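Have a look at the structure below, then the notes.
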Amino acid sequence: MEFETVIGLEAHVQLSTTSKIFSGASAAFGGEPNEYVDPITLGLPGCLPVLNKKVVEYAIMLGLATHCEIRRYNRFARKHYFYPDLPKGYQISQYDEPICERGHLDVTVGDTTRTIGIKRIHMEEDAGKNMHDARTGSSLVDLNRAGVPLLEVVSEPDIRTPAEAAAYLKSLRQLVRYLGISDGNMEEGSLRCDANISLRPVGSLKFGTRTEIKNINSFKFVERALEYEIARQMALLKSGKAIVQETLLFDSATGVTKSMRSKEESSDYRYFPDPDLPPVIVEESWVEGVRKKMPQLPAQLQEILVRDFGLSAYDAQVLTLERNYVEYFFLVQERCKNAKLACNWVTSELFGVLNKNGLSIEESPVSAENLGELLKLIEEEVISGKMAKGVFEEMFATGKKPSVIVEEKGLKQITNEDEINKAVLSVIEKNAEQFQSFLDGNEKAIGFFVGQVMKLTGGSANPKKVNEAIRAEAEKRRGGA
């Protein structure tokens with residue numbers, strides 16, 4: 001029997017707010033253990049939560065970006081479970097009335113683009129963090145993360161392969177970073193993922209028994225965990241054994257999933273509306289206000305880059321991987337007025353040297369304005385493309401402006417026709433036999449003469465004008481013959 005894989009993802013996006021979702025305690029990452037706590041974080045009696053308005057706006061923003069319906073009336077619920085990192089004994093989340101519903105996200109794997117449904121996006125608070133010391137056998141609790149705002153994005157079970165799951169997560173990360181609502185840093189836990197997976201016979205509409213893999217924190221591990229779990233479930237089904245509904249953890253060191261506990265259902269959490277928080281009423285004017293503040297998203301920018309700037313679809317995708325990439329490109333293009341030249345230098349020269357040095361584009365010693373000025377010098381034929389690469393290396397090393405480096409090193413290109421003609425005639429005179437070969441139709445010989453003139457001028461002559469001068473001299477001599 002052939003089986004079909006059915007995957008649904010629950011992504012937890014940590015929001016980049018200054019304070020926590022229901023208190024004024026700091027939501028910063030990396031403080032000393034239990035530095036960012038207050039009575040509300042600790043769940044002390046008599047402390048009432050107050051909703052952070054920015055969290056609601058960020059939720060609306062992500063809902064709009066993923067084509068969701070924004071629920072005008074939504075409310076918070078208490079989700080009960082008992083772990084040491086949950087001081088109140090319950091998590092404030094949303095249950096039957098989430099803020100966003102029925103959206104979608106398009107993902108591309110290879111040449112195929114598929115639409116993955118988004119069932120819901122809801123607001124909730126994060127839990128703290130348990131840390132286990134194997135050396136002493138003790139466990140410690142850090143509550144800095146408790147109460148940090150999250151958006152949980154729940155996909156429909158529309159994903160069919162591990163590669164699609166990774167592509168979906170990458171697209172979601174790209175969106176939240178463009179919107180500026182999260183840094184999407186999986187290593188720091190700003191984006192985490194739970195994956196629900198089941199197998200069913202091809203053609204069947206009934207879902208199989210699913211397992212859930214918790215807290216996957218990298219795109220690579222998402223693919224590896226799902227690949228392993230598909231193989232494990234496939235082996236069980238083909239041998240006639242049943243799949244046990246359970247929650248699993250993925251061990252990245254061994255590449256296998258391990259049982260954590262039996263899988264909970266919603267009834268296990270005993271949801272009920274939180275009596276300390278009033279319903280959230282989202283007026284249409286609020287939604288429209290948020291919509292007006294949203295930046296252009298990757299799909300919109302890709303269309304602009306292809307339609308208005310003549311770039312290829314591939315180049316447009318590369319430039320829009322991050323919002324600061326495309327913003328940098330626009331600044332470069334604004335200076336040099338040549339979109340394709342700007343794209344080539346940004347995606348090839350700049351990205352290459354940044355990757356080599358382990359730097360982000362924000363850390364680049366070459367500003368967009370300076371790179372644009374360098375390309376303008378090429379366009380104006382002040383320097384050649386070859387010269388520009390040397391100038392760029394100096395710019396990256398020193399941060400100097402290109403015009404300063406060109407002046408210091410005397411790199412200006414020779415464009416004066418008299419000077420170029422003089423150099424061309426000198427080279428022809430010394431290589432009369434080879435030039436006769438060119439006159440006789442050996443077109444390849446022109447490369448030799450261009451090279452010799454460039455050598456004679458120390459690489460300063462404009463190659464295009466050198467080529468033109470050689471051909472003009474050849475035509476003159478042929479005409480004379």
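Relative contact order for the chain: what is it in percent, counting Cα pairs under 8 Å that are at least 6 residues apart? Write out the running numbers ahead of the final one.
Working: 833 pairs, mean separation 64.0, N = 481.
That works out to 13 percent.
Taking only protein heavy atoms into account and a 1.4 Å probe, give the accessible area per residue of the chain in Å². Before the final figure, lay out each step's value.
Working: 23980 Å² over 481 residues.
Result: 50 Å² of accessible area for each residue.
Of Lys337/Lys386; Lys400/Lys422; Lys214/Lys356, which ones are farther than 29 Å apart at the Cα?
Details: Lys337/Lys386 20 Å; Lys400/Lys422 34 Å; Lys214/Lys356 34 Å.
Over 29 Å Cα-Cα: Lys400/Lys422; Lys214/Lys356.
I want to check the label-to-label distance for Asp85 and Glu363. Put each point 7 Å from Cα in the C-beta direction and report it in nm to one decimal.
Placing both labels 7 Å along Cα→Cβ, they lie 2.8 nm apart.
Dividing the Cα convex hull volume of the range 224-264 by residue count, how many Å³ per residue is that? Before the final figure, lay out each step's value.
On the way: hull volume 2.6 nm³, N = 41.
It is 63 Å³ per residue.
Picking from Leu341, Val427, Tyr36, whose Cα lies most toward the positive end of the charge dipole for the chain (charges on Cβ: Lys, Arg +1; Asp, Glu -1)?
Value computed over the given set: Val427.
Helix 53-65 versus the longest principal axis of the chain: what is the Cα-based angle in degrees, 0 to 90, to the nearest 10?
The angle comes out at about 60 degrees.
Would you mind telling me the antiparallel percentage of the DSSP bridges in the chain, rounded to 5? Working shown, then result.
Working: 59 of 63 bridges.
Here the share of antiparallel DSSP bridges comes out near 95 percent.
Can you send over the carbon and sulfur percentage of the accessible area for the chain, probe radius 1.4 Å, protein chains only? Could you put the intermediate results ahead of the total?
On the way: 12140 of 23980 Å².
Of the solvent-accessible surface of the chain, carbon and sulfur hold 51 percent.
Once the whole set of protein chains is in place, how much accessible area is left on Cys193, using a 1.4 Å probe, in Å² to the nearest 10?
0 Å²
Before anything else, pin down the relative contact order of the range 279-371: Cα pairs under 8 Å, at least 6 apart, normalised by residue count, whole percent.
Averaging sequence separation for qualifying contacts and normalising by length gives 23 percent for the range 279-371.
Please work out the FRET efficiency for the pair Leu48 and His132, using the Cβ-Cβ distance as r and a Förster radius of 35 Å; give the result to the nearest 0.05. Spell out each step's value before the answer.
Numbers: r = 33 Å, r/R0 = 0.95.
Computed FRET efficiency for Leu48 and His132 comes out at 0.60.
Work out, step by step, the length gained on full extension between Ser426 and Val306: first 0.36 nm times the residue separation, then minus their alpha carbon distance; give nm to one decimal. Display every interim value, and only then the final one.
On the way: separation 120, 0.36 × 120 = 43.20 nm, distance 4.65 nm.
So the extension gain works out to 38.6 nm.
If you take the alpha carbon radius of gyration of the range 282-424 and divide it by 2.2 N^0.38 Å, what ratio comes out, to two decimals? If you can, show how the numbers build up before the last one.
Working: Rg = 18.8 Å, N = 143, 2.2 N^0.38 = 14.5 Å.
Dividing the Cα Rg of the range 282-424 by 2.2 N^0.38 Å gives 1.30.
Compute the FRET efficiency between Lys356 and Leu331 as 1/(1 + (r/R0)^6), taking r as their Cβ-Cβ distance and R0 = 22 Å, and round to the nearest 0.05.
It comes out at approximately 0.45.
If you find the alpha carbon centre of the range 51-79 and of the range 342-395, how far apart are they in angstrom?
So the two Cα centres are separated by 42 Å.
What number in nm² do you get for the range 54-178 if you take the convex hull of its Cα atoms and divide its surface by four? Mind showing how you got there, number by number?
Numbers: hull surface 39.8 nm².
Taking the Cα atoms of the range 54-178, their convex hull projects to 10.0 nm² on average.
Quick one: helix 162-179 against the long Cα principal axis of the chain, what's the angle to the nearest 10°, folded into 0 to 90?
So the inclination is approximately 80 degrees.
Once the Cα atoms of helix 368-379 and of the chain are each reduced to a long axis, what angle between those two axes, in degrees from 0 to 90 to the nearest 10, is obtained?
Taking the Cα atoms of the chain, the angle to 368-379 is about 30 degrees.
The values are calculated or read from the model by the stated rules, or taken from the named source; none is laboratory data. As the structure is a computational prediction, the values presented were derived from the model and not from experiment. Cβ: placed from backbone, ideal geometry, glycine included. Neighbour counts: every protein chain shown. Just the protein is used for accessible areas: all its heavy atoms, side chains included, with ligands, DNA and RNA removed. Shrake-Rupley method; radii C 1.70, N 1.55, O 1.52, S 1.80 Å.
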